[in-house]
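Computed from the coordinates by the stated procedures, all read-outs in this text should not be read as laboratory data. Keep in mind that this is a model prediction, so the values were computed, not measured. Ideal geometry is used to build each Cβ from the backbone, glycine not excepted, and the neighbour counts take in all protein chains shown.
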Amino acid sequence: MALNKVGYVPTMGALHSGHLDLIRQSMAATPATVISIFVNPSQFAPNEDLSKYPRTFEKDIAKITEVSNSARPEVEPVVFMPEVSEMYPSGIELDRSKQVGTFVEVLGLSHQLEGSVRPHFFRGVATVVAKLLNAVQPDIAFFGQKDIQQVSVVRRMVKDLLVPVDIVVGKTIRESSGLAMSSRNEYLDPDTRAKAAVLYRALMSADELFKSGVTDSSALIKQVETILLAEPVVKEVEYIAITDLETLTPIDTTHRGAVLSAAVALNSSSGKRLRILDNLIF
Ligand code: AMP
């Protein structure tokens, strides 16, 4: 264990086993762990689900207490739940043209993949993570591979802004179907949720193909697309890409360590646009 170090797990709450795994890792690595719960307005576009995003603070605290009691019964976890006005002293409008104050943009890593569907997203993420790291001043911050582009953006932001923190990445925790856990999975009805595991199956099938010797990225991407389009729950394939982990540049010939990422919109009984994303590292 790293003595005198502070570990930090930033979250937006609605905690699930993916978050709890990161908390456990931090508790195992450092004597003091801070967990933040903050639903960050600046990463939501005006038409997105900021007001609907699940807020389950009491349950979250109970889950943190349970993990902490089993991992480190002698230590009280610190839960940081700032107000929007504390994190955004200049105020925060979702409409970007009305925003004032300081924002952090990680150019070159924010426009592709998730950024192609949610152009505002990584500016909001980089901004809030910079603010949270300043507020908490941890030695080690823990992020999930589930949001792999976020990891690339945060690593670059920390490097470029000379933020003195180590970034550790935890593996993706999955539901028994294989679907990557996400707070937004609560939006899916049970049938859609079960069928949504097709995304993981499609990615794994490309991994199998790669292991059998296929390295042509377009063939691997085609395989993912074919499996996704054969499942009626998939309304639209938003993107499938094979990229370098650090630069997110597309790779023509896949090699070990390259990242396969994909996102799809799902058909669901609610009629709302529901999307899921996932990735694997070959
Ligand atoms: P969020 O609350 O969605 O902002 O996520 C907080 C942290 O938990 C981020 O670093 C996410 O990448 C991570 N995370 C979310 N889902 C998972 C998962 N299924 N497995 C591992 N980490 C996750």
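A few points about this structure:
- Qualifying residue in segment 253-269 (condition: among the β-branched types (Val, Ile, Thr), within 21 Å of the chain's Cα centre (by Cα) and over 16 Å from Asn185 (Cβ atoms)): yes
- The numbered conditions (1) more than 21 Å from Leu248 (Cα to Cα); (2) part of a helix (DSSP H, G or I); (3) within 13 Å of the ligand (Cβ to nearest atom) are all true for Ser177 except (2).
- Within segment 182-197, restricting attention to residues that are surrounded by 19 or more Cβ atoms within 10 Å (Cβ to Cβ) and over 22 Å from Gly124 (Cβ atoms), the residue that is farthest from the ligand (Cβ to nearest atom) is Lys195.
- Any hit, segment 200-211, residues being under 16 Å from the mean Cα position of the chain (by Cα), within 16 Å of the ligand (Cβ to nearest atom), crowded, with 17+ Cβ neighbours inside 10 Å and not acidic (Asp, Glu): yes
- Applying the criterion of being within 14 Å of the chain's Cα centre (by Cα) and of a type outside the set (Val, Ile, Thr) to the residues of segment 147-174, the residue that is nearest to the ligand (Cβ to nearest atom) is Asp147.
- Residue match in segment 25-45 (condition: in contact with a His (Cβ under 6 Å, 6 or more places away or on another chain) and touching a residue at least 24 places away in the same chain (Cβ under 8 Å)): yes
- Taking the listed residues Gln223, Gln150, the one that is farther than 30 Å from Thr102 by Cα and surrounded by 16 or more Cβ atoms within 10 Å (Cβ to Cβ) is Gln223, with no other qualifying.
- Residue in segment 160-174 that is surrounded by the most Cβ atoms within 10 Å (Cβ to Cβ), counting only those that are assigned to a strand (DSSP E or B) and not aliphatic (A, V, I, L, M): Gly170
- When we screen Gly108, Gly13, Gly115 for residues that are touching a helix residue (DSSP H, G or I) at 6+ places or on another chain (Cβ under 9 Å), exposed (fewer than 14 other Cβ atoms within 10 Å of the Cβ) and closer than 28 Å to Arg275 by Cα, the only hit is Gly108.
- Inspection of segment 103-111 finds no residue satisfying the criterion of being at negative phi and in a helix (DSSP H, G or I).
- First in segment 59-72 and over 21 Å from Ser183 (Cα atoms), second anywhere and surrounded by fewer than 17 Cβ atoms within 10 Å (Cβ to Cβ) and of a type in the set (A, V, I, L, M, F, W, C), Cβ under 8 Å, 6 or more apart: Ala71/Ala28
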